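Working notes for the structure below.
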Amino acid sequence: MKLALKKQQEIASAAVGKIDLAPLAALDRTCRDSVNLLRKPLPVYRAGEKEFQIPRYLFVGPKGGAEPIRVGLFAGLHGDEPEGTMALSEFALALERNSDLARNYFLFLYPLLNPAGFEARSRLTADGVNIAHELWKNSSSPEVQQIQSELWMHAFDGIVSLRTDAGASEILIEVGGPIFARHLFGNSLAHAQDILPQAVDSRPETLPRFKGSLFEKPNELIRAAPGVKPRPFEIVITIPGRAPGLQQRTAVALLLQRALADYRNFIAYGANI
């Protein structure tokens, strides 16, 4: 009996370390034959006795006649929030099926910023670091240093972060950055009921309702360096953990498509004035 119980405990312990990387595996397979989606992981780093690597994917949209808009999309900051990783991975696959959604964009996708925490199902890194709290604070964390390097080197026009609220049943959208971006996305996303029926239907069985919010300070997650100019737009999408997985991913994909389309149209309109 004791041997059987010990075996069950070993199996349960091993299962904790296993994570569902099927979405990333699907992206890797797609990259092999894609002309738009490229796999370019960040350098390997060590945490304890193990080696880890932050996956990065580049999606080069069709040319739109102007300078490409560079946007960084980040998920998996906390290891106990796999919903953003799933949603961002599926969004990348949606772009592959219809690349015109990313016309005139150069997208940098980071679906798993905290691979060690993800493996341990921990909010923190293997070194016990909350990545968001250490950004731009001279941290020695390898994850923080790599993320900061990406933000600084690529000078994104926009930054999109995905996080999860385990107890929420509504999607929350927060918009920051320049005044024009706050007004642009605040208005367009707040009137997204054409692509998000749940915005006007709050029955429990429907998709989570949309709720808009603006913030004045840089967001709590991935943010550009303090004082950088021009300031990129910043969007945080908080995924409701209480919603079914398919509905989470569908809502996020539609919101991202809407945001990219609105910003591209805004830039094109400004160029023609």
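Values quoted throughout were computed directly from the atomic coordinates according to the rules given, and no laboratory measurement underlies them. Source: prediction; values computed, not measured. Methodologically, a virtual Cβ is constructed for each residue, glycine included, from the backbone with ideal geometry; neighbour enumeration extends over all protein chains shown.
Quick look at the numbers
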| item | result |
| --- | --- |
| Kirkwood-Stokes translational diffusion coefficient of the stretch 20-271, alpha-carbon pairs, 4 °C, 1.567 mPa s, µm²/s | 71 µm²/s |
| Radius 11 Å from Cβ of ILE267, net charge of other residues (Lys, Arg +1; Asp, Glu -1) | -2 |
| Sum of side-chain charges, ARG39 neighbourhood, beta-carbon under 11 Å (Lys, Arg +1; Asp, Glu -1) | +3 |
| Distance between modelled label sites at GLN145 and ALA168, nm, 7 Å Cα→Cβ extension | 3.3 nm |
| Surrounding net charge for ARG70, when Lys and Arg each add one and Asp and Glu each subtract one, Cβ distance under 12 Å | -3 |
| In Hz, Karplus ³J(HN,Hα) per residue of the stretch 62-67 (6.51, -1.76, 1.60; θ = phi - 60°; x = Gly, Pro) | x, 5, x, x, 9, 4 |
| Percent RCO, i.e. relative contact order, over the stretch 20-271, from Cα pairs under 8 Å lying at least 6 residues apart | 21 percent |
